[in-house]
Amino acid sequence: ENNHPPKVELRYPSNGETVKIDGDRGKVKLMWKGYDQDYDELTYTVYVGENVYNLRKYTTTSDEECNINVEAGKTYYWRVVVEDEHGEKYKSDVWSFKVEKSTEEYEPITGSVHIVLQEYKTITLNL
């Protein structure tokens, strides 16, 4: 018997966050968490768009994450609809995030790292 509808909470990117990508195009991992007090199997339908009023179905999955293709300089809106095995549905709020091109330059790591595996065993990585 199904007494409780499922719930879903969006996790990442947080609402209004700016996500940095390397280059003009890249991927962003959307993450959420689903709940069902009846322990039903849950299916998630992810909706994404550049217009809050025109979200399009991106994918349906049983995972609590998915990668989407994005472009720097754009704002994306997303929501997740969770459905349990009895057809009960719940819509998350719509969240947005901005995508910007990363301006960070990475310095190569040099030196040594010592890792103690057990009391008398150490390995050294020369970078």
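Odds and ends about this structure:
- Rg over Rh for the chain works out to 1.18, both radii taken from alpha-carbon positions and Rh defined as the Kirkwood radius.
- Pairs exceeding a 24 Å alpha-carbon distance, out of K7/K57; K7/K27; K20/K91; K57/K101; K7/K74; K29/K91: K7/K27; K20/K91; K57/K101; K7/K74.
- Count Lys and Arg as plus one, Asp and Glu as minus one, and take only other residues whose Cβ is under 15 Å from that of C66; the net charge is then +4.
- Annotation note: chymotrypsin sites (Phe, Trp or Tyr not before Pro) in region 1-103 located in DSSP loop regions with a Cβ neighbour count of at most 10 within 10 Å are Y39, Y53.
- Check: the chain dipole with +1 on Lys, Arg Cβ and -1 on Asp, Glu Cβ, in debye: 540 debye
Only the coordinates and a few stated rules stand behind these numbers; no lab work does. Quick caveat: nothing in here was measured; it's all calculated off a predicted structure. Counting neighbours? That spans all protein chains shown, and the Cβs are built from the backbone with ideal geometry, glycine included.
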